[in-house]
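Notes follow once the structure below has been shown.
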Amino acid sequence: MPDDAIEARIPASCPVTISEILRRAWHHDLAGLKALLSVPGRASVQEPTTGETPLHAAIRSCGARTQKNNNEAPAEKSASVDIEAAKAVVHELFLSGAIWNDVDSNNETPGCVAARLAQDDLYNECVSAGMRAELLFGLLDGYEALDSDAEEEDEDNGEDKANNREDAATNEDTEHQDDAPEDIILESDPDRAFLPPQTEGTVTSAAYLRANLTYTDGKLVDDQNNGVMMAWETSIMRSSVDALLPGLPAGKRILNIGFGMGIIDGMFRETQPSRHHIVEAHPEVLKHVETSPDCTFGKDWEASASEGAYKIYAGKWQEVVPGLLEQGELYDAIYFDTFGEDYSQLRMFFTEYVPALLDEGGIFGFFNGLGADRKVCYDVYTKVVEMHLADAGLDIEWNELDVDMKGLEKEGKGEWSGVKRRYWTLDKYRLPVITLMG
Ligand SMILES: C[S@@+](CC[C@H](N)C(=O)[O-])C[C@H]1O[C@@H](n2cnc3c(N)ncnc32)[C@H](O)[C@@H]1O
């Protein structure tokens, strides 16, 4: 359990200009804080050794929510922390540019601290601020993409975005502050907040598609041991098929993007679809499909239906799917689960293609691993996706599933043994069920 005492979080060694801001935030001194926040960057200063930001301080000092400091229990409120004052400070910090997803030395964002302390109102403030920042990122990203070369952008974006935001947040700023004279607060990097959540691995799409892959028992990993697909996700695939094809009727038209271990395609196939199209980009996955005795989606499967009804299209969906549109294909169920791509690609898929490829009454779903390495990021991305789907003319309902966390609790252990990064940490999965609006 982290030590939440003020002495532990704002140690005596803290430069005075930083500790002054942190202390005012800690004590919810809104007027005093406002005067200091007129200088850009001050809302996101970090204590050099603990990584405490003013947001962490304002939330942490509330302590764990109990009957005593819960605003819903007014009779006892006088003897307690004033959550409304804390909310006002948090709100002011966000208005002044505080960063929603900076992590401290305990690897907690301000939202993580609020969740641990059961401070729901403060947690919701963090989620709303995260949503605003990520929506803005989407706008900026779209603008920048206009004149950049696709391949170069793939590499560059990926490098910036997929790499660990926690490292960037703690190390960079701490380094800068170490170099600075004590009475000057350096302006924080204004782009720091605008990082999308990590994808399942920390690779770029271009690097992933060049990597060697290994199918072992229960996993597909790349040559850096990034988990591309893992058998523990089978129950999620099962629930996704059940949601996409309610009642599992035969004769439906299905499109699946990303073959991986073929888990979901095996389940789709069992329903005896009239059309079953799969798009897969990785040469080694395609080779596995053609040559592995364990895989039954090769030529024989394609030949078992009329020409073109069952087919694996080789190539990136970005190149294949426009052709499906031109062919006039329509589907009853579309599923999207790729690897190494950031959220902008999923958004492009459901904005530009799903409304045209989904037949009336059809259902679209995707593997919802966005921000799944911490609850606050997952909650932020739930809201971001809702907004972007609505923009695309799509309705969404979430089915919340329990995830059996046995074997998934610890980095490098159980299911994660031999896998570089534990990309799933949550005991609830939000399964998207998406339909055309109105
Ligand atoms: C997580 S796996 C899919 C797992 C699958 N749902 C299952 O049940 O086994 C992701 C797959 O998407 C493929 N992929 C990655 N980028 C792609 C792209 N741009 N177009 C098509 N396939 C892609 C990967 O090679 C990989 O096979």
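Note the full-extension length gain between K34 and V433 as 0.36 nm times their separation in residues minus their Cα-Cα distance, in nm to one decimal.
139.3 nm
If amide hydrogens are placed 1.01 Å from N in the peptide plane, which non-local residues have theirs closer than 5 Å to the one on G227?
Amide H neighbours of G227, under 5 Å, 5+ apart: K420, R421.
Put one equal scatterer on each alpha carbon of region 205-436, apply the Debye formula with no solvent term, and list log10 I(q)/I(0) at q = 0.08, 0.12 1/Å to two decimals.
With one equal scatterer per Cα and no solvent, log10 I(q)/I(0) is -0.28, -0.65.
About the Cα centre of region 382-424, what is the dipole size in debye to 20, counting +1 per Lys and Arg Cβ and -1 per Asp and Glu Cβ, all else neutral?
The dipole of region 382-424 has a size of about 520 debye.
For a quick check: with amide H placed at 1.01 Å from N, whose amide H comes under 5 Å from L358's, ignoring anything fewer than 5 positions away on the same chain?
The answer is Y331.
Could you go through region 90-101 in sequence order and give the Karplus-derived ³J(HN,Hα) for each residue, using 6.51 cos²θ - 1.76 cosθ + 1.60 with θ = phi - 60°, rounded to whole Hz, and x for Gly and Pro?
These are the phi-based 3J(HN,Hα) values: 4, 4, 4, 4, 5, 4, 8, x, 4, 9, 6, 10 Hz.
Distance cut-off 18 Å, Cα to Cα: go down the list K375/K410; K87/K375; K287/K420 and report the pairs above it.
Those over the limit are K87/K375; K287/K420.
Largest first, what is the accessible-area ranking of E92, E134, E415 with a 1.4 Å probe?
Numbers: E92 40, E134 5, E415 70 Å².
Most to least solvent-accessible, the answer reads E415, E92, E134.
Is any residue of region 254-292 close enough, with backbone N under 18 Å, to a label point placed 7 angstrom from the Cα of A206 along the Cα-Cβ axis, and if so, which?
281-283
Would you mind computing Rg(Cα) / (2.2 N^0.38 Å) for region 15-62, counting N as its residues?
Working it through for region 15-62, the quotient is 1.00.
In Å², and per residue, what accessible area does region 205-436 have when probed at 1.4 Å with the other protein chains present?
Accessible area per residue, region 205-436: 42 Å².
Can you give me the convex hull volume of the Cα atoms of region 358-422, divided per residue and expressed in Å³?
Taking only Cα atoms, region 358-422 has a hull volume of 119 Å³ per residue.
The values are calculated or read from the model by the stated rules, or taken from the named source; none is laboratory data. This structure is a prediction, so every number in the text was calculated from the model and none was measured. Positions of Cβ are backbone-derived with ideal geometry, glycine not excepted, and every protein chain shown enters the neighbour counts. In case anyone asks, the SASA skips ligands and DNA or RNA and just uses the protein heavy atoms, side chains included. Shrake-Rupley method; radii C 1.70, N 1.55, O 1.52, S 1.80 Å.
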